[in-house]
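Before any comments, here is the structure.
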Amino acid sequence: MTAHAVLIAVSDQPGMLFGLTGVLAGHQANITYVDIIQHHDKDAEIYLEFSVERGVDPVFEELRQVPGVKRMELTPSFTKIYGKRIVIMGGGAQVGQVAIGAISEADRHNIRGERISVDTIPLVGEQELAAAVRAVVRLPRVRLLVLAGSIMGGEITKAVDEVREKGLIVISLNMAGSLPDAADLVVSDPVQAGVMAVMAIADTAKFNIVRQQRRRY
């Protein structure tokens with residue numbers, strides 16, 4: 001099946017998403033991602049990624065004819081533009097140092113054809129961090145989470161156990177608390193943690209995170 005992505009400007013009215021996805025269902029298209037983008041000063045937009053076996057021109061034509069559609073443009077998918085994502089969260093100073101390593105290493109791999117992006121959020125508080133950890137698996141294309149701080153445990157550790165069960169890789173800085181015991185890998189140096197995070201998900205790297213399970217560096 002051939003993958004496609006479209007950005008559609010629509011009227012702010014009920015039934016727009018229903019109408020668009022109905023067209024795709026009628027053509028046996030497999031929808032892989034949907035996002036609704038609200039704007040204060042212009043029409044809302046609906047972004048769709050989907051794949052279809054047959055010719056896509058009739059699909060595009062029917063999408064344009066859905067009542068309420070104002071304009072539509074083809075666009076590269078998020079996977080092609082931003083690729084795999086790493087999320088770094090925790091204390092601001094530690095997050096910044098991890099980001100230095102991750103961005104530097106991602107640049108090296110992206111030059112060679114990879115697409116790896118790095119997201120950060122300085123965040124404190126057990127409940128706030130636990131909620132953020134659980135929300136990571138709801139974000140598209142996230143492959144790995146780095147937790148950077150001085151002490152983490154309790155509800156954060158429970159959240160890490162939950163997301164790891166769903167297939168997310170978690171790297172922790174070496175810190176006080178129970179979190180390091182729950183992570184896939186523990187790294188003392190924050191810059192090195194960022195480097196190893198990128199290497200763990202890069203297709204152009206030979207680093208195998210599975211072989212490093214439960215190790216500390």
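The values are calculated or read from the model by the stated rules, or taken from the named source; none is laboratory data. Small disclaimer: the values here were computed from a predicted structure and weren't measured. Don't worry about glycine lacking a Cβ; one is built from the backbone with ideal geometry, like all the others, and counts go over all protein chains shown.
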Quiz item: Here are Ile201, Ile209: which of them is modelled with pLDDT of 90 or more, surrounded by fewer than 22 Cβ atoms within 10 Å (Cβ to Cβ), more than 17 Å from Met89 (Cα to Cα) and under 19 Å from the mean Cα position of the chain (by Cα)?
Solution: Ile201
Quiz item: What tally of residues in segment 59-88 results from selecting those that are β-branched (Val, Ile, Thr) and within 22 Å of Asp43 (Cβ to Cβ)?
Solution: 4
Quiz item: Which residues, counting only those in segment 97-106, are more than 14 Å from Leu147 (Cβ to Cβ) and in contact with a strand residue (DSSP E or B) (Cβ under 9 Å, 6 or more places away or on another chain)?
Solution: Ile103, Glu105, Ala106
Self-check item: Pair list, Cβ under 7 Å, 6 or more apart: segment 69-98 residue closer than 19 Å to Met199 by Cα, other residue surrounded by fewer than 20 Cβ atoms within 10 Å (Cβ to Cβ) and among the small types (Gly, Ala, Ser)
Solution: Tyr82/Ser117; Gly83/Ser117; Arg85/Ser117; Met89/Ala132
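Here is a list: Gly90, Gly55, Gly101, Gly19. Which entry is at pLDDT 95 or above, of a type in the set (Gly, Ala, Ser) and either farther than 30 Å from Ala200 by Cβ or out of contact with any helix residue (DSSP H, G or I) (no Cβ under 8 Å at 6 or more places or on another chain) (or both)? Step through it out loud before you land on a result.
Working: Gly90 fails: either farther than 30 Å from Ala200 by Cβ or out of contact with any helix residue (DSSP H, G or I) (no Cβ under 8 Å at 6 or more places or on another chain) (or both); Gly55 fails: at pLDDT 95 or above; Gly101 fails: either farther than 30 Å from Ala200 by Cβ or out of contact with any helix residue (DSSP H, G or I) (no Cβ under 8 Å at 6 or more places or on another chain) (or both).
Just one listed residue meets the conditions, Gly19.
Yes/no matrix, rows are residues, columns are (1) among the acidic types (Asp, Glu); (2) surrounded by 17 or more Cβ atoms within 10 Å (Cβ to Cβ):
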{"residue": "Leu24", "(1), (2)": "no, yes"}
{"residue": "Ala29", "(1), (2)": "no, yes"}
{"residue": "Tyr33", "(1), (2)": "no, no"}
{"residue": "Asp41", "(1), (2)": "yes, no"}
{"residue": "Phe50", "(1), (2)": "no, yes"}
{"residue": "Gln65", "(1), (2)": "no, no"}
{"residue": "Met72", "(1), (2)": "no, yes"}
Self-check item: Selected residue [assigned by TED's automatic domain parsing to the domain that holds Leu173 and part of a strand (DSSP E or B)] from Ile8, Ile46, Ile31, Ile86
Solution: Ile86
Quiz prompt | Matching option when the condition is of a type in the set (A, V, I, L, M, F, W, C) and within 26 Å of Ile169 (Cα to Cα), among Val87, Val59, Val66 | solution = Val87
Quiz item: Would segment 143-151 turn up any residue that is more than 21 Å from Met196 (Cβ to Cβ) and either surrounded by 17 or more Cβ atoms within 10 Å (Cβ to Cβ) or in the same structural domain as Gln94 (by TED's automatic domain parsing) (or both)?
Solution: yes
Quiz item: Of all the residues that make up segment 37-68, how many are more than 30 Å from Glu114 (Cα to Cα) and under 28 Å from the mean Cα position of the chain (by Cα)?
Solution: 9
Practice problem: Give the residues of segment 170-197 that are within 10 Å of Val146 (Cβ to Cβ) and in a helix (DSSP H, G or I), sorted by residue number. | Solution: Pro190, Ala193, Gly194, Met196, Ala197
Quiz prompt | Residues within segment 152-169 that are among the aliphatic types (A, V, I, L, M) and either surrounded by fewer than 14 Cβ atoms within 10 Å (Cβ to Cβ) or assigned to a helix (DSSP H, G or I) (or both), tallied | solution = 4
Practice problem: Determine if segment 136-151 includes at least one residue that is at pLDDT 95 or above, assigned to a helix (DSSP H, G or I) and over 11 Å from Val163 (Cα atoms). | Solution: no
